[in-house]
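To start, the structure under review is shown below, and the notes come after it.
The values are calculated or read from the model by the stated rules, or taken from the named source; none is laboratory data. Being a predicted model, the structure only gives us computed values, none of them experimental. Here the Cβ is made from the backbone with ideal geometry for all residues, glycine too, and neighbour counts use every protein chain on show. With ligands, DNA and RNA removed, areas are computed over all heavy atoms of the protein, side chains included. Shrake-Rupley method; radii C 1.70, N 1.55, O 1.52, S 1.80 Å.
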Amino acid sequence: LDLSGGKMYWADAGAHKRQRANLDGSDIEDVYFNASSFLPSAIALDLAAGKVYWSETFDGRVQRSNLNGSNVELITNQPAVPLGLAIDGTVGRLYWSDASLKMIGRSEMEGSTAQTLLARNLAFLEGMALDTMNGKIYWIDAGTNKIQRANIDATGIEDLVSGLSAPYRIALDLAAGKMYWTEQNPRSITRANLDGSGAEVLLTLANAPLSIALDT
(Lines give C-alpha, C1' and ligand atoms only; values in the text may rest on other atoms or scores of the structure.)
Protein backbone atom coordinates (compact mmCIF):
# COMPACT_ATOMS: atom_id res chain seq x y z
CA LEU A 1 0.00 0.00 0.00
CA ASP A 2 1.08 3.54 -0.82
CA LEU A 3 -1.24 5.43 1.50
CA SER A 4 0.23 8.88 0.84
CA GLY A 5 -0.02 8.35 -2.91
CA GLY A 6 -3.47 6.73 -2.67
CA LYS A 7 -2.41 3.54 -4.47
CA MET A 8 -2.32 -0.20 -3.87
CA TYR A 9 0.03 -2.54 -5.75
CA TRP A 10 -0.29 -6.26 -6.35
CA ALA A 11 1.21 -9.08 -8.39
CA ASP A 12 -0.92 -11.34 -10.60
CA ALA A 13 0.97 -14.58 -11.14
CA GLY A 14 -1.58 -16.01 -13.57
CA ALA A 15 -1.47 -12.95 -15.83
CA HIS A 16 2.31 -12.42 -15.43
CA LYS A 17 1.67 -8.83 -14.34
CA ARG A 18 2.21 -6.25 -11.68
CA GLN A 19 -0.69 -3.85 -11.37
CA ARG A 20 -1.81 -0.90 -9.29
CA ALA A 21 -5.03 0.97 -8.64
CA ASN A 22 -6.47 3.66 -6.42
CA LEU A 23 -7.24 2.52 -2.87
CA ASP A 24 -10.94 2.29 -3.74
CA GLY A 25 -10.14 -0.13 -6.59
CA SER A 26 -10.63 2.34 -9.42
CA ASP A 27 -8.19 3.20 -12.23
CA ILE A 28 -6.49 -0.20 -12.55
CA GLU A 29 -3.31 -0.06 -14.62
CA ASP A 30 -0.60 -2.52 -15.64
CA VAL A 31 2.85 -1.41 -14.49
CA TYR A 32 4.85 -4.47 -15.60
CA PHE A 33 4.27 -7.48 -17.85
CA ASN A 34 6.55 -10.36 -18.85
CA ALA A 35 4.79 -13.34 -20.36
CA SER A 36 7.89 -15.54 -20.65
CA SER A 37 9.41 -15.48 -17.19
CA PHE A 38 7.34 -13.52 -14.72
CA LEU A 39 5.91 -15.43 -11.76
CA PRO A 40 5.66 -12.85 -8.96
CA SER A 41 5.34 -13.84 -5.33
CA ALA A 42 5.95 -10.72 -3.23
CA ILE A 43 6.06 -6.93 -3.52
CA ALA A 44 7.69 -4.28 -1.33
CA LEU A 45 7.63 -0.51 -1.75
CA ASP A 46 10.43 1.98 -1.11
CA LEU A 47 8.32 5.11 -1.29
CA ALA A 48 11.12 7.47 -0.29
CA ALA A 49 13.04 6.43 -3.40
CA GLY A 50 9.96 5.94 -5.56
CA LYS A 51 10.74 2.25 -6.17
CA VAL A 52 8.83 -1.03 -6.12
CA TYR A 53 10.65 -4.32 -5.52
CA TRP A 54 9.31 -7.75 -6.40
CA SER A 55 10.46 -11.36 -6.32
CA GLU A 56 10.06 -13.83 -9.17
CA THR A 57 9.82 -17.50 -8.24
CA PHE A 58 10.14 -18.74 -11.83
CA ASP A 59 13.56 -17.15 -12.34
CA GLY A 60 14.70 -16.97 -8.73
CA ARG A 61 15.46 -13.27 -8.68
CA VAL A 62 14.52 -9.95 -7.14
CA GLN A 63 13.97 -6.90 -9.33
CA ARG A 64 12.92 -3.30 -8.91
CA SER A 65 11.50 -0.49 -11.00
CA ASN A 66 10.04 2.96 -10.64
CA LEU A 67 6.52 2.94 -9.20
CA ASN A 68 5.07 3.35 -12.70
CA GLY A 69 6.96 0.28 -13.96
CA SER A 70 9.73 2.08 -15.84
CA ASN A 71 13.47 1.45 -15.44
CA VAL A 72 13.40 -2.25 -14.48
CA GLU A 73 16.61 -3.40 -12.76
CA LEU A 74 17.87 -6.79 -11.58
CA ILE A 75 18.77 -6.55 -7.88
CA THR A 76 19.89 -10.11 -7.14
CA ASN A 77 19.55 -13.58 -8.63
CA GLN A 78 20.95 -15.27 -5.53
CA PRO A 79 17.59 -16.73 -4.38
CA ALA A 80 16.15 -19.95 -5.82
CA VAL A 81 12.47 -19.56 -4.83
CA PRO A 82 12.04 -16.17 -3.12
CA LEU A 83 8.54 -16.00 -1.62
CA GLY A 84 8.85 -13.25 0.99
CA LEU A 85 10.26 -9.73 0.62
CA ALA A 86 10.78 -6.89 3.09
CA ILE A 87 12.57 -3.52 3.13
CA ASP A 88 14.35 -1.73 5.95
CA GLY A 89 14.40 1.82 4.65
CA THR A 90 16.11 3.16 7.75
CA VAL A 91 19.41 1.47 6.86
CA GLY A 92 18.76 0.73 3.18
CA ARG A 93 18.57 -3.06 3.22
CA LEU A 94 16.44 -5.60 1.39
CA TYR A 95 15.48 -8.99 2.88
CA TRP A 96 13.98 -12.08 1.25
CA SER A 97 12.91 -15.57 2.30
CA ASP A 98 13.85 -18.51 0.08
CA ALA A 99 11.62 -21.58 0.18
CA SER A 100 14.02 -23.78 -1.79
CA LEU A 101 17.34 -22.84 -0.20
CA LYS A 102 15.70 -22.74 3.27
CA MET A 103 17.24 -19.42 4.19
CA ILE A 104 16.69 -15.72 4.73
CA GLY A 105 18.94 -13.48 2.68
CA ARG A 106 19.65 -9.78 2.58
CA SER A 107 21.47 -7.21 0.50
CA GLU A 108 21.82 -3.49 0.11
CA MET A 109 18.90 -1.89 -1.72
CA GLU A 110 20.73 -1.88 -5.04
CA GLY A 111 21.71 -5.54 -4.62
CA SER A 112 25.29 -5.32 -3.42
CA THR A 113 26.68 -7.49 -0.60
CA ALA A 114 24.00 -10.16 -1.01
CA GLN A 115 24.42 -12.71 1.76
CA THR A 116 22.71 -15.47 3.73
CA LEU A 117 21.46 -14.06 7.00
CA LEU A 118 19.75 -17.09 8.52
CA ALA A 119 19.76 -20.76 7.51
CA ARG A 120 19.26 -22.78 10.67
CA ASN A 121 16.43 -25.28 11.20
CA LEU A 122 14.23 -23.79 8.46
CA ALA A 123 11.98 -25.86 6.19
CA PHE A 124 9.80 -23.95 3.68
CA LEU A 125 9.80 -20.19 4.10
CA GLU A 126 6.83 -18.15 2.96
CA GLY A 127 6.09 -14.55 3.99
CA MET A 128 8.23 -12.32 6.17
CA ALA A 129 8.04 -8.91 7.86
CA LEU A 130 10.37 -6.52 9.67
CA ASP A 131 10.00 -4.74 13.00
CA THR A 132 12.60 -2.01 12.51
CA MET A 133 11.58 -0.29 15.76
CA ASN A 134 12.68 -3.25 17.87
CA GLY A 135 15.21 -4.81 15.52
CA LYS A 136 13.24 -7.99 14.80
CA ILE A 137 12.55 -10.09 11.73
CA TYR A 138 9.42 -12.28 11.51
CA TRP A 139 8.79 -15.13 9.09
CA ILE A 140 6.38 -17.94 8.29
CA ASP A 141 7.73 -21.46 7.91
CA ALA A 142 5.09 -23.49 6.10
CA GLY A 143 7.28 -26.58 6.37
CA THR A 144 7.03 -26.62 10.16
CA ASN A 145 3.72 -24.67 10.27
CA LYS A 146 5.18 -22.03 12.57
CA ILE A 147 5.56 -18.29 12.84
CA GLN A 148 9.02 -17.42 14.12
CA ARG A 149 11.12 -14.35 14.78
CA ALA A 150 14.71 -13.42 15.54
CA ASN A 151 16.83 -10.37 16.08
CA ILE A 152 17.76 -8.56 12.90
CA ASP A 153 21.27 -10.07 13.15
CA ALA A 154 19.71 -13.58 13.15
CA THR A 155 20.34 -14.28 16.85
CA GLY A 156 17.67 -15.20 19.38
CA ILE A 157 15.32 -17.32 17.25
CA GLU A 158 11.89 -17.75 18.86
CA ASP A 159 8.85 -19.89 18.03
CA LEU A 160 5.82 -17.60 18.31
CA VAL A 161 2.90 -19.65 16.94
CA SER A 162 2.91 -23.39 16.23
CA GLY A 163 0.41 -25.92 14.91
CA LEU A 164 -0.74 -23.88 11.91
CA SER A 165 -1.90 -25.37 8.61
CA ALA A 166 -0.42 -23.91 5.43
CA PRO A 167 0.28 -20.37 6.70
CA TYR A 168 1.28 -17.99 3.92
CA ARG A 169 1.80 -14.26 4.53
CA ILE A 170 2.31 -12.02 7.55
CA ALA A 171 1.92 -8.31 8.29
CA LEU A 172 2.76 -6.32 11.43
CA ASP A 173 0.89 -3.51 13.19
CA LEU A 174 3.68 -2.26 15.42
CA ALA A 175 1.68 0.58 16.95
CA ALA A 176 -0.96 -1.84 18.22
CA GLY A 177 1.53 -4.63 18.97
CA LYS A 178 -0.21 -7.10 16.64
CA MET A 179 0.66 -9.44 13.82
CA TYR A 180 -1.74 -10.72 11.18
CA TRP A 181 -1.35 -13.74 8.93
CA THR A 182 -3.17 -15.67 6.24
CA GLU A 183 -3.71 -19.40 6.41
CA GLN A 184 -4.81 -21.62 3.55
CA ASN A 185 -6.28 -24.47 5.59
CA PRO A 186 -8.47 -23.36 7.26
CA ARG A 187 -8.99 -20.45 4.89
CA SER A 188 -8.65 -17.69 7.42
CA ILE A 189 -7.05 -14.45 8.56
CA THR A 190 -5.78 -14.50 12.14
CA ARG A 191 -4.11 -12.01 14.42
CA ALA A 192 -2.13 -12.26 17.63
CA ASN A 193 0.14 -10.21 19.83
CA LEU A 194 3.68 -9.80 18.54
CA ASP A 195 4.88 -12.48 20.96
CA GLY A 196 2.32 -14.93 19.53
CA SER A 197 -0.10 -14.83 22.44
CA GLY A 198 -3.80 -14.05 22.21
CA ALA A 199 -4.38 -15.51 18.74
CA GLU A 200 -7.88 -14.93 17.34
CA VAL A 201 -9.42 -15.80 13.97
CA LEU A 202 -10.83 -12.64 12.38
CA LEU A 203 -12.19 -14.03 9.11
CA THR A 204 -12.98 -17.43 7.65
CA LEU A 205 -13.27 -17.24 3.87
CA ALA A 206 -14.62 -19.33 1.00
CA ASN A 207 -11.28 -19.25 -0.83
CA ALA A 208 -7.73 -19.32 0.45
CA PRO A 209 -6.39 -15.82 1.25
CA LEU A 210 -2.83 -15.24 0.11
CA SER A 211 -1.30 -11.82 0.65
CA ILE A 212 -2.23 -9.32 3.35
CA ALA A 213 -1.51 -5.60 3.85
CA LEU A 214 -2.45 -3.22 6.67
CA ASP A 215 -3.62 0.39 6.44
CA THR A 216 -1.97 1.72 9.60
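Tabulated results
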| read-out | value |
| --- | --- |
| For residue 62: the one exception among (1) closer than 19 Å to residue 141 by Cα; (2) open to solvent by less than 40 Å² (accessible area, probe 1.4 Å); (3) part of a strand (DSSP E or B) | (1) |
| Criterion: modelled with pLDDT of 95 or more and assigned to a loop (DSSP other than H, G, I, E, B) - qualifying residue of 94, 101 | 101 |
| Given (1) more than 21 Å from residue 55 (Cα to Cα); (2) free of Cβ contacts under 8 Å to residues at least 60 places away in the same chain; (3) open to solvent by 50 Å² or more (accessible area, probe 1.4 Å); (4) within 16 Å of the chain's Cα centre (by Cα), index of the condition residue 102 fails | (1) |
| Selected residue [in contact with a strand residue (DSSP E or B) (Cβ under 7 Å, 6 or more places away or on another chain), surrounded by fewer than 19 Cβ atoms within 10 Å (Cβ to Cβ), of a type in the set (Gly, Ala, Ser) and in contact (Cβ under 8 Å) with a residue 40 or more places away in the chain] from 69, 84 | 69 |
| Selection status of residue 170, open to solvent by 60 Å² or more (accessible area, probe 1.4 Å), closer than 27 Å to residue 115 by Cα and not acidic (Asp, Glu) | no |
| Residue count, the stretch 101-114 (criterion: over 16 Å from residue 91 (Cα atoms) and not aliphatic (A, V, I, L, M)) | 1 |
| Residue list for the stretch 104-117, restricted to those being assigned to a loop (DSSP other than H, G, I, E, B) and touching a Leu at 6+ places or on another chain (Cβ under 7 Å) | 109 |
| Which numbered condition residue 33 fails, given (1) at pLDDT 95 or above; (2) among the aromatic types (Phe, Trp, Tyr); (3) surrounded by fewer than 18 Cβ atoms within 10 Å (Cβ to Cβ) | (1) |
| Of all residues in the stretch 174-185 being farther than 18 Å from residue 84 by Cβ and of a type outside the set (Lys, Arg), the one that is surrounded by the fewest Cβ atoms within 10 Å (Cβ to Cβ) | 175 |
| Complete set of residues in the stretch 1-28 that are more than 21 Å from residue 83 (Cβ to Cβ) and open to solvent by 60 Å² or more (accessible area, probe 1.4 Å) | 3, 4, 23, 24, 27, 28 |
| Residue, most open to solvent (accessible area, probe 1.4 Å), within the stretch 45-59, restricted to residues that are of a type in the set (A, V, I, L, M) and in contact with a Lys or Arg (Cβ under 8 Å, 6 or more places away or on another chain) | 45 |
